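Presented below is the structure to which this report refers.
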Amino acid sequence: MSTVTGGHHPVSAAPTGLMGRISEALERPGVLGCVMLAPAVLYVVFFVAVPFFMAILLSLSDATAGDPRIDNFVGLDNFIAVTGQEAFWTALWNSLIITAATVTTIVVLATIAVEILAREFRGKRLVQVLFMMPWAMPVSLAAITWLWLLDSQFSPIDWVLVQIGILGPDGLFGPSRHVYYLGRTGWGMASAVFVDAWRTLPLATIIVLAGRLSIPRERLEQAQIDGAGFFRTLFRVVLPALAPVLIVAILFTALLVIGEVSTIELLTRGGPGHSTQILPLWAYEKGIESGDLGQGAAIALFLFPVLLAAAIVALRFASRLHDD
Amino acid sequence: MAILETRALEKHFGRIPAVNGIDLTSEDGELLAILGPSGSGKSTLMRMVAGLEEPSSGDILVDNESIVGVPPKRRNVAMVFQNFALYPHMSVRENIRFPLVARKVPEAEQQQKIDWVTGILEIENLLERRPTRLSGGQMQRVALARALVRDPELFVFDEPLSSLDAQIRSQARGELRELHDRTRITTLYVTHDQLEALGLADRVAVIHEGRIHQLGTPRELYENPGNLFVAGFIGDPPMNLIDLGDTILGARPEHLLEADSVSQEEIAVDLDVEIEHLEFLGAEWLIYGAVRGGVPEGDRAPRVIGRLRQAEPPGFGTGERRRFVIRQSNARYFDPQSGERTNGPGVAAA
């Protein structure tokens, strides 16, 4: 090889023209990094950060739909006002109940679904596709389907129940031929939980399935050889390994469900009365339909500190489990 | 203690045969190694014994009783996986207790067994730790303890040393043998590493393409390989296989001797070797050479490897030509077509 001579290195020709200089600049990690990050950062700033701070400002002002200027600081008046209304507490309670019930249902169902999907069987592809359908289905189409299924007069579920002798004049729970799912508080809430679980189960299942498939096969075979049956393996070997992804799945579905307006809006519109009212829908009705932007923002922000704290704790816990 | 036996055992995955008719009988309390390159079917054989795969045909017997169709949890076969497969979220104690709880061993007895097994493996001070906080050697001991604690009739080891660091591997090998000598549990030891198989096992089964090529003691395999595959697989460097036209002569590298040290009537083959390369390995030298004369003319000169058991440099250098011979008593002959061992030209039955 040639010897190195001090101070004289062959250098490629300096870039010429605009394109040349741009391409030279993009070679530098600092510049390239900024350019690549810019779209994501701009998106977050304009569509997440700005609305969020707007909401905080609104909640501290007396802005209304007629006079939306944020010019009058009223302190916590809006928060005090909304917490004085009975509908707010009903909505808060319902939101928490629906979320807790949905998440519980999903954790159980996702674990079962994952145990099935982690195994090999004939027709697995078809089952997978069918399973993902609710997630891929447009919300409006899903809503029409469920409105029909839960209709007070034409519900096919009721019809089937009558046919098998559970409802109807001679039925076990007769004489009515209808449950009126959406017209009764308990059934309305249960319907909302059912539809929310139906919609978010695919997402939770995908998250948990990824965790399930990352358990080494040897560990499950070792459990078999050690003499553990299905349930011992599930509770002592599989679920402890799934804990971190289950926490992530719980967090994701909880945040999705607690912020979900469309299910209740489409099914019951919060009725009858305010009996199935939930926070986000109540915030919308107060803030947009009644035009009180300040109170609407206060309702929407009410759960924010709680959710943020819950998210931080859950993620910390998950990462600690993961490291262990 | 138990005798393991397989009869005409076969396993196909689709149309691909993984295990292709294996008849194997262990002795009671034996450490039997299954040695083969990757893809030879040794893992499939082992998984069938453990109950993780069902045979396509044939039978597996423990003490003359078929265990085919018996689920793993009802077989008394303990297995140690290559990566040890410890339960990461349980302490060492809980790991060892797991098979006892799963088999509904009474609690008082559990403690007694855990004490006994942790004493044997000297892991009493690790009991409260998590597996992630253990070294490779400690993980292996815990995995062995978990396998041993349930008094299995049969041990199945899947390359248990291969995930250990090279430095502690020979020590771990010694410990494994010691453990076996103490417990005398019939053990199937699957490995691709001939050093492990030869160094540890009472007998070794060499397996290739789903068949057993030879079953014998380590010395039998080394000194009298039954066919060309075993000859080329056992030994490092492997046996020199020299094509003499109507037969193939096999000789270990250490049996390549300088011509002047051997009397004429003992010589099986006399080779004119050009030294190409010398390798110093501490206690010995390896001599890589090309055969220039003494064998039938071929397209290219056959290569041979010699081994000189001395630390001092050999009395020749690269590029020199030397006469090397192989003694009749050290020569092994193989049929070029079938690859099977023969008695060789002009030699009475051995």
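The values are calculated or read from the model by the stated rules, or taken from the named source; none is laboratory data. For clarity, every value in this text was computed on a predicted model and none was experimentally measured. Using ideal geometry, Cβ is built from the backbone for each residue, glycine included, and neighbour counts are taken over all protein chains shown. Note: areas computed on protein heavy atoms with side chains; ligands, DNA, RNA excluded. Shrake-Rupley method; radii C 1.70, N 1.55, O 1.52, S 1.80 Å.
Mind listing whichever residues of segment A:229-267 are modelled with pLDDT of 85 or more, over 9 Å from the mean Cα position of the chain (by Cα) and not hydrophobic (A, V, I, L, M, F, W, C)? Result: A:Gly229, A:Arg232, A:Thr233, A:Arg236, A:Pro240, A:Pro244. Of all residues in segment B:153-192, those satisfying the criterion of being outside any helix (DSSP H, G or I), open to solvent by 20 Å² or more (accessible area, probe 1.4 Å) and either touching a Gly at 6+ places or on another chain (Cβ under 7 Å) or under 16 Å from B:Asp28 (Cβ atoms) (or both) are B:Glu153, B:Ser163, B:Asp165, B:Arg184, B:His192.
When restricted to residues that are more than 8 Å from chain A (Cβ to nearest Cβ) and open to solvent by less than 10 Å² (accessible area, probe 1.4 Å), segment B:76-89 contains 2. Report yes if some residue within segment A:150-160 is open to solvent by less than 40 Å² (accessible area, probe 1.4 Å), out of contact with any helix residue (DSSP H, G or I) (no Cβ under 7 Å at 6 or more places or on another chain) and part of a helix (DSSP H, G or I); otherwise report no. Yes, some residue in segment A:150-160 is open to solvent by less than 40 Å² (accessible area, probe 1.4 Å), out of contact with any helix residue (DSSP H, G or I) (no Cβ under 7 Å at 6 or more places or on another chain) and part of a helix (DSSP H, G or I). Taking the criterion of being under 16 Å from B:Glu265 (Cα atoms) and either in contact with an Asp or Glu (Cβ under 9 Å, 6 or more places away or on another chain) or modelled with pLDDT of 90 or more (or both), the residues of segment B:324-350 that qualify are B:Phe324, B:Val325, B:Ile326, B:Arg327, B:Gln328, B:Ser329, B:Asn330, B:Ala331, B:Pro345. For the condition surrounded by 21 or more Cβ atoms within 10 Å (Cβ to Cβ) and either away from every other protein chain (no Cβ under 14 Å) or hydrophobic (A, V, I, L, M, F, W, C) (or both), A:Ile278 qualifies. Here B:Pro55 fulfils each of the conditions (1) crowded, with 20+ Cβ neighbours inside 10 Å; (2) closer than 30 Å to B:Gly21 by Cβ; (3) within 14 Å of chain A (Cβ to nearest Cβ) apart from (3). Of the residues making up segment B:249-261, one or more are polar (S, T, N, Q), more than 29 Å from B:Ile34 (Cβ to Cβ) and modelled with pLDDT under 85.
Residues in segment B:280-302 that are modelled with pLDDT under 80 and among the basic types (Lys, Arg): B:Arg300 alone.
Does segment B:96-118 contain at least one residue that is open to solvent by 30 Å² or more (accessible area, probe 1.4 Å), acidic (Asp, Glu) and within 14 Å of chain A (Cβ to nearest Cβ)? Within segment B:96-118, none of the residues are open to solvent by 30 Å² or more (accessible area, probe 1.4 Å), acidic (Asp, Glu) and within 14 Å of chain A (Cβ to nearest Cβ). Determine whether A:Arg219 is assigned to a helix (DSSP H, G or I), at pLDDT 85 or above and under 30 Å from B:Ala145 (Cα atoms). In short, yes. Looking only at segment B:299-328, how many residues end up being more than 15 Å from B:Asp260 (Cβ to Cβ) and either surrounded by fewer than 12 Cβ atoms within 10 Å (Cβ to Cβ) or among the β-branched types (Val, Ile, Thr) (or both)? Of the residues in that region, 12 qualify.
Table: residues versus (1) within 14 Å of chain B (Cβ to nearest Cβ); (2) out of contact with any helix residue (DSSP H, G or I) (no Cβ under 7 Å at 6 or more places or on another chain); (3) crowded, with 18+ Cβ neighbours inside 10 Å; (4) not aliphatic (A, V, I, L, M).
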site: A:Gly211; (1), (2), (3), (4): yes, no, yes, yes
site: A:Phe230; (1), (2), (3), (4): yes, yes, no, yes
site: A:Phe235; (1), (2), (3), (4): yes, yes, no, yes
site: A:Pro240; (1), (2), (3), (4): yes, yes, no, yes
site: A:Gly259; (1), (2), (3), (4): no, no, no, yes
site: A:Gly271; (1), (2), (3), (4): no, yes, no, yes
site: A:Gly294; (1), (2), (3), (4): no, no, yes, yes
site: A:Phe304; (1), (2), (3), (4): no, yes, no, yes
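Going through (1) open to solvent by 40 Å² or more (accessible area, probe 1.4 Å); (2) farther than 15 Å from B:Arg211 by Cα one by one, B:Leu32 falls short only on (1). Annotation: B:Gly232 fulfils all but one of (1) over 21 Å from B:Leu200 (Cβ atoms); (2) under 15 Å from the mean Cα position of the chain (by Cα); (3) open to solvent by 40 Å² or more (accessible area, probe 1.4 Å); the unmet one is (3). Just so you know, in segment B:58-75 the residues that are out of contact with any Leu (no Cβ under 9 Å at 6 or more places or on another chain) and surrounded by 14 or more Cβ atoms within 10 Å (Cβ to Cβ) include one that is farthest from the other protein chains (Cβ to nearest Cβ), and it is B:Val70.
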